[in-house]
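Novice: Below is a structure I'd like to ask you about.
The values are calculated or read from the model by the stated rules, or taken from the named source; none is laboratory data. All of these numbers come straight from a predicted model, not from anything done at the bench. Cβ atoms come from the backbone with ideal geometry, glycine included; neighbour counts cover every protein chain shown.
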């Protein structure tokens with residue numbers, strides 16, 4: 001299973017409204033392996049896993065072996081860490097990263113933030 005990570009082109013870190021998918025770039029696919037062996041409680045936290053592995057915590061997240069298909073918007077720009085206001089898609093459902101949590105977006109093309 002893959003989670004798709006979208007970064008806001010002009011991040012507001014949750015301080016102003018945005019419209020998804022307009023103004024967002026698909027920056028990475030996160031491969032979530034061994035899903036069948038995960039407990040139900042772990043499945044509920046797949047957003048957190050996608051968030052964690054697309055952050056520069058212990059190094060450049062683009063080198064993480066769980067991340068595929070990194071999109072860079074220019075030759076000199078490195079992807080930033082996933083942050084508040086960005087969006088994660090899992091199985092066709094979209095989740096906005098909010099402070100300390102994730103909120104499901106009811107559909108694409110809607111206001112978030």
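Novice: Which residues, taken from segment 70-83, are modelled with pLDDT under 70 and either on the phi > 0 side of the Ramachandran plot or touching a helix residue (DSSP H, G or I) at 6+ places or on another chain (Cβ under 9 Å) (or both)?
Specialist: Scanning segment 70-83 gives a single hit, 72.
Novice: Right, here's the next one. Residue 3: within 19 Å of residue 106 (Cα to Cα), at pLDDT 80 or above and in contact with a helix residue (DSSP H, G or I) (Cβ under 8 Å, 6 or more places away or on another chain), yes or no?
Specialist: Working: within 19 Å of residue 106 (Cα to Cα): yes; at pLDDT 80 or above: yes; in contact with a helix residue (DSSP H, G or I) (Cβ under 8 Å, 6 or more places away or on another chain): yes.
Here the answer is yes, as residue 3 does meet what is asked.
Novice: Any residue that is at pLDDT below 85 and touching a strand residue (DSSP E or B) at 6+ places or on another chain (Cβ under 7 Å) - is there at least one of those in segment 84-103?
Specialist: No, there is no match, as no residue in segment 84-103 is at pLDDT below 85 and touching a strand residue (DSSP E or B) at 6+ places or on another chain (Cβ under 7 Å).
Novice: Sort out which residues of segment 60-69 are part of a loop (DSSP other than H, G, I, E, B), modelled with pLDDT under 85 and surrounded by fewer than 16 Cβ atoms within 10 Å (Cβ to Cβ), and write them in order of number. Step through it out loud before you land on a result.
Specialist: Step one: of segment 60-69, the residues part of a loop (DSSP other than H, G, I, E, B) are 60, 64-66, 69.
With the extra rule that they be modelled with pLDDT under 85, the set shrinks to 64-66, 69.
Result: 65, 69.
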